[in-house]
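Have a look at the structure below, then the notes.
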Amino acid sequence: MRRIYIAGNWKLNLNQSETKSFLDELKPKVTKVNENISVLVHPSFTSLMQAQSSLEGTAIQFGAQNCSNQDKGAFTGEVSIKMLKETGISSIIIGHSERREIFKETNENINAKLKAIREEATLTAIVCCGESEATRENGETDTWVEKQIEEAFKGISLDSSNIEKIVIAYEPIWAIGTGKTCDSNEANRVIQVIRAKFASLYSQDLADKVSILYGGSVKASNIEELLKTSDIDGALIGGASLMTDEFASIIDKSNSLLASTAA
Ligand code: PGA
């Protein structure tokens with residue numbers, strides 16, 4: 001059984017004191033997490049130390065929304081993976097569509113970041129991909145995401161010992177922050193395309209093991225439908241991860257669903 005991830009992406013929200021209040025409110029609502037589910041939040045860089053102290057001893061882990069592929073040197077404004085690691089992170093999101101669109105990150109940049117993350121054995125990389133509305137309308141969704149995956153994973157060696165440190169998130173851009181969720185069958189179909197691509201790059205065995213999440217307007221009312229599909233292994237959640245009741249309800253529903261399928 002693949003690991004399920006319920007991962008919040010806070011984007012540019014919540015300063016240190018807001019992070020503290022938010023997590024103080026969230027923690028009592030997330031008292032139990034199924035052992036096969038990882039719950040993660042991804043605050044801004046400046047709130048990571050606050051997340052570390054707030055989340056100590058809880059079942060909620062935290063990560064960063066971005067990183068540099070460089071260790072140190074003349075890279076103004078960048079934050080290295082080693083610096084992030086000092087804050088106690090367990091994951092890093094790379095290749096989010098906002099990074100690609102607004103900050104012009106390319107598949108090559110994402111590949112360089114993934115290589116750098118792979119040098120830190122304990123960190124999980126959450127590698128995002130997904131098509132725009134225009135790409136979808138042109139019927140190029142599958143080839144688009146296949147290319148993103150192929151280029152992001154170029155030269156990255158993976159095997160059964162480190163595959164659990166790789167998570168892919170399929171996020172159709174037109175579904176992000178719009179309230180327009182991708183139909184769960186269609187999201188599952190594209191995720192199967194991604195899994196097949198991964199199998200062609202590595203092996204069927206590794207493709208069967210890699211967790212692939214869906215992202216784009218996920219909320220408590222649609223998480224069950226998404227998780228009931230064959231290939232969706234969790235969610236990367238923006239807006240709904242900034243509401244404690246909603247995020248806790250997503251976690252609760254995922255717990256119950258897993259408990260009922262295990263029973
Ligand atoms: P959303 O964002 O849940 O607000 O659509 C998802 C994301 O950008 O990761």
(request) Taking the options Thr87, Thr76, Thr122, Thr58, name whichever one is more than 30 Å from Pro28 (Cβ to Cβ) and of a type in the set (Val, Ile, Thr). (result) Thr76
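If you go through segment 170-227, how many residues are over 20 Å from Met243 (Cβ atoms) and within 13 Å of the ligand (Cβ to nearest atom)?
Total satisfying the criteria: 6.
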(message) Looking at (1) open to solvent by 10 Å² or more (accessible area, probe 1.4 Å); (2) at negative phi, which one does Gly57 not meet, given that it meets all the others?
(response) (2)
(request) From Lys180, Lys209, Lys219, Lys228, grab the single residue that is in contact with a Gly (Cβ under 9 Å, 6 or more places away or on another chain), open to solvent by 50 Å² or more (accessible area, probe 1.4 Å) and at pLDDT 95 or above. (result) Lys219
(request) Among residues belonging to segment 94-128 that are in a loop (DSSP other than H, G, I, E, B) and within 16 Å of the ligand (Cβ to nearest atom), point out the one that is surrounded by the fewest Cβ atoms within 10 Å (Cβ to Cβ). (result) Phe103
(request) Confirm whether Thr58 is under 24 Å from Arg3 (Cβ atoms), touching a residue at least 12 places away in the same chain (Cβ under 8 Å) and of a type in the set (Ser, Thr, Tyr). (result) yes
(request) Being acidic (Asp, Glu), open to solvent by 10 Å² or more (accessible area, probe 1.4 Å), within 16 Å of the ligand (Cβ to nearest atom) and at pLDDT 95 or above narrows it down to one of Asp252, Asp245, so name that one. (result) Asp245
(message) So Lys154 ticks every box in (1) without any contact (Cβ under 8 Å) to a residue 60 or more places away in the chain; (2) open to solvent by 10 Å² or more (accessible area, probe 1.4 Å); (3) farther than 27 Å from Gln204 by Cβ but one. Which box is left unticked?
(response) (3)
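The values are calculated or read from the model by the stated rules, or taken from the named source; none is laboratory data. Keep in mind it's a predicted model, so treat the numbers as computed, not measured. Counting neighbours? That spans all protein chains shown, and the Cβs are built from the backbone with ideal geometry, glycine included. In case anyone asks, the SASA skips ligands and DNA or RNA and just uses the protein heavy atoms, side chains included. Shrake-Rupley method; radii C 1.70, N 1.55, O 1.52, S 1.80 Å.
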